[in-house]
Amino acid sequence: MKMLLSASAAMAVLSGGAYAQISQAYVGLGGSRVDADDVNLNAFNVRLGADLNEFFAIEGEGLIGVGDDTAGGVKVKLNYGVAGFVRARAPLGDGFSVHARAGFGWLEAEATAGGMTMSEDESGFGYGAGAEWMFAGPNGLRFDYTRYNMFDDINVWTVSYVRRF
């Protein structure tokens, strides 16, 4: 029994210390281009994440629609979206890395035609890839492509400023 308690205590101390050493938070702010069929929309992007180690991170992001687009006489606007991802990263040196990510997202859009407005939300799986360049210590630029399986597939291109803490 003493052996089990000692081993448990040692694991708790070691895992807590290891987590504190490898966890690094980051925030990203930028712009996104949302392409869905014949509609192209812009959005403000906010991202919060934490590196679990050198190769994996978890992150959440939010989109706030900016402006609208018209297709076939229907005005379409992205209201907002939220998503969560697991990210796998490959550091390449000199502050440059590439990554792939997969997760789940939810978007709400609005369509107006003939004086009638309808809102619709949909959720789906998202996956993508990108690159990050930390050009000055904790400051960097990030480029992402994400494809969502919702609203007949949506492609999102994002450029953002990244700050690591």
Problem set entry | Net charge dipole size for the stretch 23-164 [Lys, Arg +1 and Asp, Glu -1 on Cβ; Debye, nearest 20] | 580
For this session: Work through the residues other than Tyr161 whose Cβ is under 12 Å from its Cβ and net out their charges, Lys, Arg +1 and Asp, Glu -1.
Result: +3
For this session: Place +1 on the Cβ of every Lys and Arg and -1 on the Cβ of every Asp and Glu in the stretch 23-164, take the dipole about the Cα centre, and give the residue among Met134, Gly31, Thr117 whose Cα lies farthest towards its positive end.
Result: Met134
Problem set entry | In degrees, nearest ten, helix 2-22 long axis to first principal axis of the chain (Cα) | 50
Exercise. When the convex hull of the C-alpha atoms of the stretch 23-164 is computed, what volume per residue in Å³ does it have?
Worked result: 84
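Can you tell me the order of 75-81, 64-70 when each peptide is scored by its average per-residue count of other Cβ atoms within 10 angstrom, highest first?
Highest mean packing first, the order is 75-81, 64-70.
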Exercise. Local charge sum around Ala131 (other residues, Cβ-Cβ under 13 Å, Lys/Arg +1, Asp/Glu -1)?
Worked result: +1
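Taken together, the values in this text are just the output of simple stated rules run on the coordinates, not laboratory data. Bear in mind the structure is a predicted one, so any value in this text is a computation, not a measurement. Cβ: placed from backbone, ideal geometry, glycine included. Neighbour counts: every protein chain shown.
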